[in-house]
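Trainee: Got a structure here, written out as C-alpha cells. Questions coming.
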Amino acid sequence: MEKLTKSEEEIMLILWQLEHAFVKDIIEQFADPKPHYNTVSTMIKILQEKGFVNYTAYGKTYQYYPIIKKEKYFKSGVKPLLNNYFDGSAKQLISFFVKEKNISVQELETLVRELKSKSGNPQ
C-alpha cells in the first residue's frame, strides 16, 4: 500500500472520523489557520487517484468517503516500522513505548489481560 504524505494523512484521519464529508466539512476540522479550499480539494483528488477516497456526486458538489479502512493503512505502516527500527521484534517495540511513554505496570497488566481475553486465552 502506498504511504501517504503528512498532509494526505491528516485529511484521511478526518475522513476516517467523519466517514462522509464535503470539502468544507474537512476544512472545519483543521485548526487555525485553516487550509485553503482549493488546497484541500486538490489533496482529496490525489487521495482519490491513490485509491484511498471515493465520492458521491450531488450535482456539482461532491461528498467524499474513505475506501481504505484506517486499520488496514495502520497495519501497512507498522510492519516496516517494526522491521526497520526494532529488528522485527514486537518485544523491542513495546519496550520502547513503555520507556518513552512511562507506561505503568498496572497499565501493562491491564493490556495483557485485554489481549488474553481477545485471544481466548484467559491465563
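Trainee: Checking T56 against (1) touching a Lys or Arg at 6+ places or on another chain (Cβ under 8 Å); (2) hydroxyl-bearing (S, T, Y); (3) open to solvent by less than 70 Å² (accessible area, probe 1.4 Å), only one condition comes out false. Which one?
Mentor: For T56, the exception is condition (1).
Trainee: Also, quick follow-up: Return the pairs, sorted by first residue and then second, in which the second residue is open to solvent by 60 Å² or more (accessible area, probe 1.4 Å) and not in a helix (DSSP H, G or I), the first residue lies in the stretch 1-29 and is within 15 Å of T42 (Cβ to Cβ), the beta carbons are less than 6 Å apart, and the residues are 6+ apart or on different chains.
Mentor: I27/K34
Trainee: Does K70 satisfy the condition of being closer than 27 Å to F97 by Cβ, basic (K, R) and in contact with a Phe, Trp or Tyr (Cβ under 9 Å, 6 or more places away or on another chain)?
Mentor: Values: closer than 27 Å to F97 by Cβ: yes; basic (K, R): yes; in contact with a Phe, Trp or Tyr (Cβ under 9 Å, 6 or more places away or on another chain): yes.
Taking the combined requirement at face value, the residue satisfies it.
Trainee: Of the residues in the stretch 104-123, how many are surrounded by 11 or more Cβ atoms within 10 Å (Cβ to Cβ) and farther than 30 Å from L15 by Cα? Reasoning before the result, please.
Mentor: Filtering the stretch 104-123 for residues surrounded by 11 or more Cβ atoms within 10 Å (Cβ to Cβ) gives 107-108, 110-111, 113, 116.
Now restrict to residues that are farther than 30 Å from L15 by Cα: 107-108, 110, 113, 116.
Total satisfying the criteria: 5.
Trainee: Filter the stretch 62-80 down to residues that are open to solvent by 70 Å² or more (accessible area, probe 1.4 Å) and not in a loop (DSSP other than H, G, I, E, B) and give me whichever is nearest to F22 (Cα to Cα). Spell out how you get there, then give the answer.
Mentor: First pass over the stretch 62-80, keeping only residues open to solvent by 70 Å² or more (accessible area, probe 1.4 Å): 62, 67, 69-72, 74-75, 79.
Retained after the next criterion (residues that are not in a loop (DSSP other than H, G, I, E, B)): 62, 70-72, 74-75, 79.
Working: Y62: 6, K70: 19, E71: 23, K72: 23, F74: 24, K75: 27, K79: 32 Å.
Looking at the filtered set, the residue picked out is Y62.
Trainee: Say we look at the stretch 22-53 and pick out the residues that are in a helix (DSSP H, G or I) and open to solvent by 80 Å² or more (accessible area, probe 1.4 Å); which of these is nearest to I11 (Cα to Cα)?
Mentor: The residue in question is Q29.
Trainee: Taking the residues in the stretch 57-103 that are touching a helix residue (DSSP H, G or I) at 6+ places or on another chain (Cβ under 7 Å) and small (G, A, S) as candidates, determine which candidate is modelled with the lowest pLDDT.
Mentor: Once the filter is applied, the top-ranked residue is A90.
Trainee: Can you pull out the residues in the stretch 3-15 that are over 15 Å from Q63 (Cβ atoms) and in a helix (DSSP H, G or I)?
Mentor: Here is the first cut: in the stretch 3-15, the ones over 15 Å from Q63 (Cβ atoms) are 3-10, 12-13.
K6, S7, E8, E9, E10, M12, L13 - these are the residues of the stretch 3-15 that are over 15 Å from Q63 (Cβ atoms) and in a helix (DSSP H, G or I).
The values are calculated or read from the model by the stated rules, or taken from the named source; none is laboratory data. Note that the structure is a prediction, hence the values are computed from the model and not measured. Positions of Cβ are backbone-derived with ideal geometry, glycine not excepted, and every protein chain shown enters the neighbour counts. For accessibility, only protein heavy atoms count, side chains too; no ligands or nucleic acids. Shrake-Rupley method; radii C 1.70, N 1.55, O 1.52, S 1.80 Å.
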